[in-house]
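Here's the structure we're looking at; comments come further down.
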Amino acid sequence: MDNNQVRTRSVTLAFLMTMALMAAPARDSVSGEWEASFHAHDDAVPVTLKLKRDGNKVTGTFESDHLGRGALSNGSFQENRLSFTLDGPHGAIEVTGELNAGRLAGDFHAGEGMQGKWEATKKIE
């Protein structure tokens, strides 16, 4: 094998490796189990969120001793901004937040003027 053949094979291999890396899916930083805390009126309510991201759509469930269990609806994630509705036995809670440095944080609004802040960290898998 002469030098041109070696060089051509090396360039072809480097090109194929670059294409394979570019085609690999980006790491999903949203899907998984999150330990959240919702804060309002000097109270903190712990909530476990189980999120699943599919493109810009986010689905999942939540569980809390205080809020009960339920599903997420209207979930979306774009440009590090997350929004969803917690649909549970006590009514709907509108949630918005932002992913920053592996942590979710933002605001929530529920019926009867209830609103506050929330934050969540992802459980290590």
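Bear in mind that the values in this text are calculations on the coordinates, not laboratory data. The model shown is predicted, which means the values in this text are computed figures rather than measured ones. Cβ: placed from backbone, ideal geometry, glycine included. Neighbour counts: every protein chain shown.
Charged side chains reduced to their Cβ positions (Lys and Arg at +1, Asp and Glu at -1) give the range 32-122 a dipole of some 400 debye around its Cα centre.
The orientation-averaged projected area of the convex hull spanned by the Cα atoms of the range 32-122 comes to 5.3 nm². Phi-derived couplings, Karplus 6.51 cos²θ - 1.76 cosθ + 1.60 at θ = phi - 60°, listed residue by residue for the range 32-40: x, 9, 10, 9, 10, 9, 9, 10, 7 Hz, with x used for Gly and Pro.
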